[in-house]
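Trainee: Before we start, here is the structure in question, set down as structure tokens.
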Amino acid sequence: MEALSERNPRVVSAVKLHRAPVRRKSGLFLAEGANSVEAALDTDRVEELFYSLKAASRETELVAGAAANGVRTTLVSDRAAEALGETVTPPGLVAVCRQVDVPMTEVLRAAPSLLAVPVGTADPGNAGTLIRVADAVGANGVVLAGDSVDPHNGKCVRAGAGSLFHLPIARQRDTEKVLSALEAAGITILATTAKGEVDLDEADDILRGPVAWLFGNEAHGLDREIAERATHRVRIPIHGRAESLNLAAAASICLYASARVQHAARR
């Protein structure tokens, strides 16, 4: 089997998916690396799997399993693998996938008990990490509100380490619509703020019911108007000398606290 070069039309078309406008128009995106590719294959979202000889030797079962399940698997040259990848040392394993986001109505229709709602998240690494945390604690979905990063961005997909495919992801640019839909669904909205009136350590009664956590932009936090629209504003107690926490750390603490309380209530 001859490896496709970086000039092959199929490779060229796939490489263009690094650009957001092309992803929007095509409804496709790239998943790079074994974790993401395996998760994509498990959810039947892969249109084509590109692999290098080195990747085939490392991930023999994964490539063979994809081919056995009818996925188009394509050997590419090392230069093509570099073009398809975005990392300094490309893994040589890249899947062209159908996009994963769903309407927010679909997320709410499932009567979620725990949602993560990052508002205006600009950093794809933080967005991917938050999706991974939400997946790890068993959240029912992530709603990217406001002017947020595309979850299909390569860095976001890599930071999610496969979690992008594990739970519903919705996008809604109008944050007011997100808040109104959450209220209409009877979900308690919690805003993370440094001066919240509720201490997270004392919030167990609130956390037992269905909740949606609002997490603010990395640079500016939540806008005051959005925080005021929440049912409660919650502060994370900081006992050391750090002034604040970044988005991923705050989300990890709050989502874990909710999951702990809800799982204990089910026992």
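The values are calculated or read from the model by the stated rules, or taken from the named source; none is laboratory data. On a predicted model such as this, the values are computed, not experimentally measured, just so you know. Every residue, glycine as well, gets a Cβ built from its backbone with ideal geometry; the counts of neighbours run over all protein chains shown.
Trainee: Within segment 195-228, which residues are of a type in the set (G, A, S), buried (at least 20 other Cβ atoms within 10 Å of the Cβ), under 14 Å from Q262 (Cβ atoms) and touching a Ser or Thr at 6+ places or on another chain (Cβ under 8 Å)?
Mentor: A212
Trainee: Then there is this: Name the residues in segment 154-167 that are buried (at least 21 other Cβ atoms within 10 Å of the Cβ) and not hydrophobic (A, V, I, L, M, F, W, C), would you?
Mentor: Selection gives G154, R158, G160, G162, S163.
Trainee: Do we have T121 as under 17 Å from N153 (Cα atoms), among the β-branched types (V, I, T) and either outside the structural domain of A20 (by TED's automatic domain parsing) or more than 21 Å from the chain's Cα centre (by Cα) (or both) here?
Mentor: Working: under 17 Å from N153 (Cα atoms): yes; among the β-branched types (V, I, T): yes; either outside the structural domain of A20 (by TED's automatic domain parsing) or more than 21 Å from the chain's Cα centre (by Cα) (or both): yes.
When the stated conditions are applied, T121 passes them.
Trainee: For E32, all conditions in the list (1) touching a residue at least 12 places away in the same chain (Cβ under 8 Å); (2) loosely packed, with under 15 Cβ neighbours inside 10 Å hold save one; what is the number of the exception?
Mentor: Failing condition for E32: (2).
Trainee: Could you look through segment 135-192, keep only residues that are part of a helix (DSSP H, G or I) and among the charged types (D, E, K, R), and pick out the one that is farthest from R208 (Cα to Cα)?
Mentor: K155
Trainee: Of the residues R58, R45, R24, which is outside the structural domain of A161 (by TED's automatic domain parsing), among the charged types (D, E, K, R) and in contact with a strand residue (DSSP E or B) (Cβ under 6 Å, 6 or more places away or on another chain)?
Mentor: Details: R58 fails: in contact with a strand residue (DSSP E or B) (Cβ under 6 Å, 6 or more places away or on another chain); R24 fails: in contact with a strand residue (DSSP E or B) (Cβ under 6 Å, 6 or more places away or on another chain).
Criteria check complete, one pass: R45.
Trainee: Moving on to the next point. State which residue is surrounded by the most Cβ atoms within 10 Å (Cβ to Cβ) when the search covers only segment 173-184 and only residues that are closer than 15 Å to E106 by Cα and in contact with a Ser or Thr (Cβ under 9 Å, 6 or more places away or on another chain).
Mentor: It comes out as L182.
Trainee: Would you be able to say whether some residue in segment 249-263 is surrounded by fewer than 19 Cβ atoms within 10 Å (Cβ to Cβ) and part of a loop (DSSP other than H, G, I, E, B)?
Mentor: no
Trainee: With respect to S77, determine if the residue is of a type in the set (G, A, S) and within 30 Å of V142 (Cβ to Cβ).
Mentor: Against the criterion (of a type in the set (G, A, S) and within 30 Å of V142 (Cβ to Cβ)), S77 does not qualify.
Trainee: Shifting gears a bit: If you go through segment 185-194 one residue at a time, do you hit one that is polar (S, T, N, Q), at pLDDT below 95, surrounded by 13 or more Cβ atoms within 10 Å (Cβ to Cβ) and farther than 25 Å from V102 by Cβ?
Mentor: Let us first name the residues in segment 185-194 that are polar (S, T, N, Q), namely 188, 192-193.
Right, trim to at pLDDT below 95 and you get 192-193.
Subset that is surrounded by 13 or more Cβ atoms within 10 Å (Cβ to Cβ): 192-193.
From the residues that got through so far, the ones that are farther than 25 Å from V102 by Cβ too are 193.
So far as segment 185-194 goes, yes, one or more of its residues are polar (S, T, N, Q), at pLDDT below 95, surrounded by 13 or more Cβ atoms within 10 Å (Cβ to Cβ) and farther than 25 Å from V102 by Cβ.
Trainee: Also: Can you say whether L190 is assigned by TED's automatic domain parsing to the domain that holds T175, in contact with a His (Cβ under 6 Å, 6 or more places away or on another chain), at negative phi and of a type outside the set (V, I, T), as far as the supplied structure shows?
Mentor: yes
Trainee: Every residue in segment 234-248 that is outside any loop (DSSP other than H, G, I, E, B) and under 20 Å from D204 (Cβ atoms), please. Walk me through how you get there before you give the answer.
Mentor: Of the residues in segment 234-248, the ones outside any loop (DSSP other than H, G, I, E, B) are 234-235, 247-248.
V234, R235 - these are the residues of segment 234-248 that are outside any loop (DSSP other than H, G, I, E, B) and under 20 Å from D204 (Cβ atoms).
Trainee: Every residue in segment 193-233 that is outside any loop (DSSP other than H, G, I, E, B) and small (G, A, S), please.
Mentor: Once the filter is applied, which keeps residues that are outside any loop (DSSP other than H, G, I, E, B) and small (G, A, S), segment 193-233 yields A212, G221, A227.
Trainee: May I pose another question? Restricting attention to segment 206-238, report how many residues are free of Cβ contacts under 8 Å to residues at least 24 places away in the same chain and among the aromatic types (F, W, Y).
Mentor: Counting residues in segment 206-238 that are free of Cβ contacts under 8 Å to residues at least 24 places away in the same chain and among the aromatic types (F, W, Y) gives 0.
Trainee: Still on this structure, please answer the following. If you take the residues of segment 137-153 that are more than 27 Å from V22 (Cβ to Cβ) and over 13 Å from the mean Cα position of the chain (by Cα), which of them is surrounded by the most Cβ atoms within 10 Å (Cβ to Cβ)?
Mentor: Ranking the qualifying residues of segment 137-153, first place goes to V137.
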